[in-house]
Amino acid sequence: MSLQQLELPIALQSSTRRLDISYRERLRVLLSSDLDFHGKSSAYASHNFHAFPAKFPPQLPRKFIEGLTEPGDVVLDPMMGSGTTILEAFLTGRRGVGFDIDPMALRLCKVKVTLLALEEIATTGNQVLHRAQKSLQQDGTELRRQLDARFGEAERKFLDYWFLPSTQLELMALIREIERVQDPNIREFLELAFSAIIITKSGGVSMARDLAHTRPHRVQDKTPRPALDEYRKRLSKNLNSLATLARGSGTVELSHGDAQALALRDQTVDLIVTSPPYASNAIDYMRAHKFSLVWFGHSLGSLSQLRRQYIGHDAVTGVELAELPDSARQVVASLARVDPKKARVLHRYYSEMTRCLAEMARVLKPGKAAIVVVGSSKMRGMDTRTDICLGEIGKHIGLELVGIAVRELDRDKRMMPARRIHSSNHSQIEKRMHEEYVIGFLKPESR
């Protein structure tokens, strides 16, 4: 299902707010416009601070933010991920409110919207690099002792598998000096740069390939790049990006929180733009994020437990399943005839999304919109029809479904866990991740 293209007046093409048309019609026009953004650069402000899988282009939330809100309005992303919506709200003078339970998402988002003095960061970063290099040359024995003392047995085995001993020492020297930085905002900026040389689209300092794509594979003959050299380059790149962030005039509120139970009052949000996870853990964020998080003191056991709480996870024990509308129930029932366990996984996903959409409806002001960007999945060869099912679930809880637009993914820009769709040796996950759906909901005035 997709919206028919509308023939737009010239004035409306440049700004949907210039003509006196209804909010609903503005939403329809935005949904029917070009949402692909192929050829558009996403490397501005702090969007490129750190790799993150399946980010939507910043032009997408900006289009809806500028078209449906005014400066000072509240823009919510209840599953903020890399913080694209939040950063765009900040840059356009809105109040960005974001929630997530992923510790890497929270770290990344906070740094991306924090204004800092460039000279102070550059000076501190150079001092960290200098002291790390000096300790590697003069204090190797103590570094190895601290490295052994820092991690438990499971974490030690993990690091030994994925990082060469020499790389571990370099990273230990870096993280030790970063943790000595007194200013928490500067320290977090430096920590994020540290993470970015580990979780990266290509190259990187680990023995993994495609780590940023969440499906890492250990490459026996890979030669990892020197950690200090990579850190110096990443720090310089992030500093250059930070220089453009000063143009942001909005405010930001970030919290650890579950999208199924938002810590917000009723009817306080002017716009929601969010992109929920895929069903059945198709994009496994924690599988990549743990490569950095273990260096920040998280145990693998705690991260594994947290991963089970993510929306779309494939664990089904102790999960509360919701009553689904006909479309979603039929998809789940069809899958159950082929694979009952997978059907319960899908039922879990639609149950979680039912609670998420109910929370969105609760916190939205009457007459305001929620934009939900989703991809569909195939489970046992069956299309989960995510766009249709979530559209019906939204209507079932009282939202108006204004329309569903289809956008083609630019696989050269959007980091998916696979090679491009035209590869001669592509997997099932590649075949299905070439488009996504932009669902436009409206909360009725009478709700």
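Brief remarks follow.
- Exclusive hit being outside the structural domain of residue 195 (by TED's automatic domain parsing) and in contact with a Pro (Cβ under 6 Å, 6 or more places away or on another chain), set 98, 93: 93
- Inter-residue pairs, beta-carbon under 8 Å, first among the basic types (Lys, Arg) and in region 214-228, second in a loop (DSSP other than H, G, I, E, B) and at pLDDT below 85, 6+ apart: 215/284; 215/417; 215/418; 225/203
- Subset of region 29-72 (residues that are within 13 Å of residue 438 (Cα to Cα) and in contact with a Gly (Cβ under 6 Å, 6 or more places away or on another chain)): 30, 31
- Single residue of region 19-66 satisfying the filter (under 23 Å from the mean Cα position of the chain (by Cα) and small (Gly, Ala, Ser)) that is modelled with the lowest pLDDT: 54
- Condition met for residue 222 (out of contact with any Pro (no Cβ under 7 Å at 6 or more places or on another chain), farther than 22 Å from residue 169 by Cα and not assigned by TED's automatic domain parsing to the domain that holds residue 82): no
- Hits in region 390-447 (condition: among the acidic types (Asp, Glu) and at pLDDT 80 or above): 392, 400, 408, 435, 436, 445
- Selection of region 283-335 for residues being of a type in the set (Val, Ile, Thr) and assigned to a helix (DSSP H, G or I) yields 294, 331, 332.
- Residue satisfying condition, being within 27 Å of residue 64 (Cβ to Cβ) and free of Cβ contacts under 8 Å to residues at least 60 places away in the same chain, within set 394, 367, 403: 394
- Of the residues making up region 48-73, just one is on the phi > 0 side of the Ramachandran plot and crowded, with 21+ Cβ neighbours inside 10 Å, namely 54.
- Cβ-Cβ contacts under 9 Å between residues 6 or more apart (or on different chains), taken from a first residue in region 328-339 that is outside the structural domain of residue 397 (by TED's automatic domain parsing) to a second residue that is among the polar types (S, T, N, Q), are absent.
- Looking only at region 241-260, and only at residues there that are in contact with a strand residue (DSSP E or B) (Cβ under 7 Å, 6 or more places away or on another chain) and of a type in the set (A, V, I, L, M, F, W, C), the one that is farthest from residue 191 (Cα to Cα): 259
- Condition check for residue 42 on (1) touching a Pro at 6+ places or on another chain (Cβ under 7 Å); (2) outside any helix (DSSP H, G or I); (3) surrounded by 22 or more Cβ atoms within 10 Å (Cβ to Cβ); (4) among the polar types (S, T, N, Q): one failure, at (3).
- Complete set of residues in region 88-99 that are in contact with a helix residue (DSSP H, G or I) (Cβ under 7 Å, 6 or more places away or on another chain) and crowded, with 24+ Cβ neighbours inside 10 Å: 88, 89, 94, 96, 98
- Residue in region 235-258 that is more than 21 Å from residue 104 (Cα to Cα) and in contact with a Gly (Cβ under 6 Å, 6 or more places away or on another chain) present: yes
- Residue identified as assigned by TED's automatic domain parsing to the domain that holds residue 30, in contact (Cβ under 8 Å) with a residue 40 or more places away in the chain and on the phi < 0 side of the Ramachandran plot among 293, 346, 300: 346
Here's the yes/no breakdown for (1) modelled with pLDDT of 95 or more; (2) in contact with a strand residue (DSSP E or B) (Cβ under 7 Å, 6 or more places away or on another chain); (3) assigned to a loop (DSSP other than H, G, I, E, B); (4) closer than 29 Å to residue 177 by Cα:
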{"site": "225", "(1), (2), (3), (4)": "no, no, yes, yes"}
{"site": "229", "(1), (2), (3), (4)": "yes, no, no, yes"}
{"site": "239", "(1), (2), (3), (4)": "no, no, no, yes"}
{"site": "262", "(1), (2), (3), (4)": "yes, yes, yes, no"}
{"site": "267", "(1), (2), (3), (4)": "yes, yes, yes, no"}
{"site": "270", "(1), (2), (3), (4)": "yes, yes, no, no"}
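- Test for residue 288: is it closer than 25 Å to residue 204 by Cα, among the small types (Gly, Ala, Ser) and in contact with a strand residue (DSSP E or B) (Cβ under 9 Å, 6 or more places away or on another chain): yes
The values are calculated or read from the model by the stated rules, or taken from the named source; none is laboratory data. Everything numeric here is computed off the predicted structure, so don't read it as measured data. Neighbour counts run over all protein chains shown; Cβ positions are idealised from the backbone, glycine included.
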